[in-house]
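The values are calculated or read from the model by the stated rules, or taken from the named source; none is laboratory data. Quick caveat: nothing in here was measured; it's all calculated off a predicted structure. No Cβ is skipped: glycine too gets one built from the backbone with ideal geometry, and neighbour counts run over all protein chains shown.
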Amino acid sequence: MKKYLWGFPFFALLLGAFLFSCQREDVSSTAEETATDAVTATAARYAAQIDSVTSKHCKGKLTAIDSTALPAAILTYLSTNYPKASIAFAGTDASGKYVVGIVVDGQPKGLLFDASGTFTKLLEHYGKRAKLTPVATADLPATITTYISTNYAAATIKKAGKNADGTYFIAISTSDTVKVLVFDASGSFKEEQTPLKGKGHRGRK
């Protein structure tokens, strides 16, 4: 009986430690997903904004919106023509046109829709600018890490990647907020983005 009484609290202690470990792993996994989503969404937004098709047909800068706010016509078009795609970015311009960045079988693709939600055309260079190659923190240029440590002293680098143009997208965490910093190929700072929040922004699969 004494062994049983001793064994029960010991088992409870082990169970508690196991559950605590699982919770920590869940938190870590969630943070990793958040950082990955933030970097992917920012690269998609950047690629959509500077694409030649967007520059020619859209008015002003794109305003990011949650994918759930897209017109039904666009969501229907995507589910019909790209049933396995996920939405990485959705935005609208000053004239009401929509630009949507999707990922199909791992490949980014950008689409332009008019204000009524009718498909207009594909973006020309979106694919190579939205697709990122992961970069380890240790492999980032010194100019970038120095900039971050100087201007975001309390921040932690969570995720980093670069596109075919050599543009870097780096997710940092500071005060429970994830921000994405964009640097050009030479390591010069370009802009800071706070990713759009919301379940719909991750897209449909």
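Residues of the range 132-146 that are farther than 14 Å from T36 by Cβ and surrounded by 18 or more Cβ atoms within 10 Å (Cβ to Cβ): L140, I144. For the criterion of being at positive phi and either without any contact (Cβ under 8 Å) to a residue 40 or more places away in the chain or polar (S, T, N, Q) (or both), G117 fails. Scanning the range 34-79 for residues being touching a Phe, Trp or Tyr at 6+ places or on another chain (Cβ under 8 Å), over 12 Å from Y98 (Cβ atoms) and outside any helix (DSSP H, G or I) gives a total of 1. Pairs meeting the criteria (first residue in the range 123-152 and in contact (Cβ under 8 Å) with a residue 40 or more places away in the chain and of a type in the set (K, R), second residue surrounded by 18 or more Cβ atoms within 10 Å (Cβ to Cβ) and part of a loop (DSSP other than H, G, I, E, B), beta carbons under 6 Å, at least 6 apart or on different chains) are R129/N163. Looking across the range 82-107, just one residue is without any contact (Cβ under 8 Å) to a residue 12 or more places away in the chain and over 18 Å from V39 (Cβ atoms), and that is P83.
Where strands (runs of 3 or more DSSP E) fall entirely within the range 105-205, those with at least 2 residues that are among the β-branched types (V, I, T) are at 156-162, 168-174, 177-183. Exactly one residue out of D176, D139, D93, D114 is under 19 Å from the mean Cα position of the chain (by Cα) and of a type in the set (D, E), and it is D176. One residue alone among L19, L62 is at pLDDT below 95 and under 18 Å from E124 (Cα atoms), and that residue is L62. If you check T156 against the conditions, is it of a type outside the set (K, R) and either at pLDDT below 95 or under 20 Å from the mean Cα position of the chain (by Cα) (or both)? The answer is yes for T156. Scanning the range 153-180 for residues that are free of Cβ contacts under 8 Å to residues at least 12 places away in the same chain and either of a type in the set (D, E) or closer than 24 Å to D105 by Cβ (or both) gives a single hit, D176.
A count restricted to the range 82-95 and to residues that are surrounded by 12 or more Cβ atoms within 10 Å (Cβ to Cβ) and more than 19 Å from Y46 (Cα to Cα) stands at 2. Evaluation of D51 against the conditions (1) surrounded by fewer than 21 Cβ atoms within 10 Å (Cβ to Cβ); (2) in contact with a helix residue (DSSP H, G or I) (Cβ under 9 Å, 6 or more places away or on another chain) shows that the sole unmet condition is (1). Taken over the range 166-176, the residue count meeting the criterion of being modelled with pLDDT under 95 and more than 14 Å from D37 (Cβ to Cβ) is 3.
With respect to the conditions (1) at positive phi; (2) part of a helix (DSSP H, G or I), G96 lacks only one, and its number is (2). From the list K109, K158, the one residue that fits, being closer than 30 Å to I74 by Cβ, surrounded by 12 or more Cβ atoms within 10 Å (Cβ to Cβ) and basic (K, R), is K109.
Residues in the range 76-111 that are aliphatic (A, V, I, L, M) and farther than 16 Å from L122 by Cα: A94 only.
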